[in-house]
Amino acid sequence: MEKFIEKARTLVEALPFIKKFNGATFVIKYGGSAMTDEKYKNLFIQDVVLLSLVGVKIVLVHGGGDDISGMLKKLGKVPKFVDGHRVTDKETLEVVEMVLVGKVNKEIVKNINLHGLRALGMSGKDGNLIMAKKKKSHGKDIGFVGEVTSVNTKLLETLDRDGYIPVIAPIGVDALGNGYNINADSVAGSVAEAMKADKLIYLTDTDGVKISGKYVHSIKVKDIPKYIKSKDITGGMLPKTMSAKAAIEAGVKKVHIINGTKEHSMLLEIFTNEGIGTEIIK
């Protein structure tokens, strides 16, 4: 009996948060091992479904770097990176689009739809959702790598109004129709900024942000440049924290960086008092 009472207590603890976030907009960046391990894939989809059913408006942005690298190797191409960005020639861009849009995106959509919800997959090319321009890394030409210039929020609002969960592959397009491979963290941040989202959530393979060797529960936006300078924030955490900073400065209320390989980490972060990852706040 006690275990059932404990379950009831957990639900009661979540009740104020469920009330608070009914009708709120969450932009979720889905990536890391949570995308490749079957167990964590299923748990993530369950979290998305539950959030949607309690009234949260969800926009999902996904990565897929491991799948892209695997396909490139099968085709005899060696993946190359400069400052964390995948060097993307024309052939690589075709592979990126094929894998992200044709494979990864459709699998996520299928898994959400299997739970009775309505997800709709797209890339930034669809409806000019993600307009972009060519990005250079410290003056180096890294090919068809882009950065977001604008987001078609009207399209996202229309999908939400009609009851669809947008699932976005991070491919952008410019006014001439050129496609660009864009960092998924940056796309999620830009979408959250444009939507003035209540939350921007990054799923990673770590327990949040480490400062002085320890994971921290909370970081203020004004301290991010200091932690980058001190090398506490490096590597793959850089685009996440910089996108988080820009998003909050643009009106997003809170950013969460959580471990997608912990069971129901999104629910624990959002619907409990203690949380489980790092929150970035104004």
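Scanning the stretch 216-264 for residues that are of a type in the set (Ser, Thr, Tyr) and within 17 Å of residue 61 (Cβ to Cβ), we see that the one that is farthest from the chain's Cα centre (by Cα) is 241. The residue pairs whose first member lies in the stretch 235-255 and is in contact (Cβ under 8 Å) with a residue 24 or more places away in the chain and farther than 14 Å from residue 191 by Cα, whose second member is among the polar types (S, T, N, Q) and assigned to a helix (DSSP H, G or I), and whose beta carbons are closer than 8 Å, counting only pairs six or more residues apart or on different chains, are 239/186.
Mind listing whichever residues of the stretch 1-25 are surrounded by fewer than 16 Cβ atoms within 10 Å (Cβ to Cβ), assigned to a helix (DSSP H, G or I) and touching a Lys or Arg at 6+ places or on another chain (Cβ under 9 Å)? Within the stretch 1-25, no residue meets the criteria. Looking across 179, 172, 124, one residue alone is farther than 23 Å from residue 240 by Cβ and of a type outside the set (A, V, I, L, M). It is 179. No other residue among 45, 58, 28 is out of contact with any strand residue (DSSP E or B) (no Cβ under 8 Å at 6 or more places or on another chain), closer than 25 Å to residue 164 by Cα and either among the hydrophobic types (A, V, I, L, M, F, W, C) or buried (at least 23 other Cβ atoms within 10 Å of the Cβ) (or both) apart from 45.
Counting residues in the stretch 120-129 that are touching a Gly at 6+ places or on another chain (Cβ under 7 Å) and surrounded by 21 or more Cβ atoms within 10 Å (Cβ to Cβ) gives one or more.
Candidates are the residues of the stretch 204-220 that are buried (at least 21 other Cβ atoms within 10 Å of the Cβ) and out of contact with any His (no Cβ under 9 Å at 6 or more places or on another chain); the one that is nearest to residue 127 (Cα to Cα) is 204. The condition (being under 30 Å from residue 39 (Cα atoms) and in a strand (DSSP E or B)) is satisfied by just one residue among 267, 238, 203: 203. Of the helices (runs of 4 or more DSSP H) that lie entirely inside the stretch 73-163, those containing 2 or more residues that are more than 19 Å from the chain's Cα centre (by Cα) and farther than 22 Å from residue 174 by Cβ span 153-161.
No lab work stands behind these numbers, since they all come straight from the coordinates. Model, not experiment: these values are computed from the prediction. With ideal geometry, Cβ positions are generated from the backbone for all residues, glycine too; neighbour counts draw on all protein chains shown.
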